[in-house]
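**Student:** My structure is below; once you've seen it, I'll send some questions.
Coordinate-derived values only; no laboratory data. Quantities reported herein were computed from a predicted structural model and do not represent experimental measurements. Cβ placement follows ideal geometry from the backbone for every residue including glycine, while neighbour counts extend to all protein chains displayed.
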């Protein structure tokens, strides 16, 4: 129904923002991250919110996002069985879109299931259904390291970095966090040296 709203921020609370568009105030459901970023803009600042309209029986709810990429990811999330708009927003409240993409690409069930209402099985289903589809979305700013390699690119099996990642996950760290830390410290040398450097980074 609405592609986006351009107006002034009137109120921001956890999970909701009021956007004044030519004198009409629109209640827009937003993630905690989006709410935090809108709060920084300040009252009466003009913003553009990309929207998803959810209509059910006597309800019409607007969900809002600060970028088309975030909206596209949200639309993809709610195609997964067991994840409706509320679940999609919960996922984007716990992690920013780029971090959530990374968690899906690396199969980090622990990171994904931190969202309220998202259990282990739902997280596993989300990874299974969306991992291969994420390439269809435009890059969300890209997470690049110094070598120019995407952090979501899998590590080669059997090398020192891969062994360090396995060691970190065995210690209880999320796989996405482990891979990110190891990539930052990949030049440290042996598995043990990479592991020590990664632990300092974490």
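**Student:** How much length, in nm to one decimal, is gained on full extension between residue 129 and residue 22, taken as 0.36 nm per residue of separation minus their Cα-Cα distance?
**Tutor:** Numbers: separation 107, 0.36 × 107 = 38.52 nm, distance 4.08 nm.
Once the chain is fully extended between residue 129 and residue 22, it gains 34.4 nm.
**Student:** Okay, next question. What distance in nm separates the simple spin-label points at residue 10 and residue 56, each placed 7 Å from Cα in the Cβ direction?
**Tutor:** Taking the two extended label points, one gets 2.6 nm.
**Student:** For 112, 179, what ranking results if the residue with the fewest other Cβ atoms within 10 Å of its Cβ goes first?
**Tutor:** Listed from fewest to most nearby Cβ atoms, that is 112, 179.
**Student:** Can I ask one more? Taking mean projected area of the Cα convex hull in nm² as the quantity of interest, determine which of [x] 21.7; [y] 10.7; [z] 12.8 was computed from the displayed structure.
**Tutor:** [z]
**Student:** Pull out the extension gain between residue 199 and residue 170, defined as 0.36 nm times the separation in residues minus the alpha carbon to alpha carbon distance; nm, one decimal.
**Tutor:** 9.2 nm
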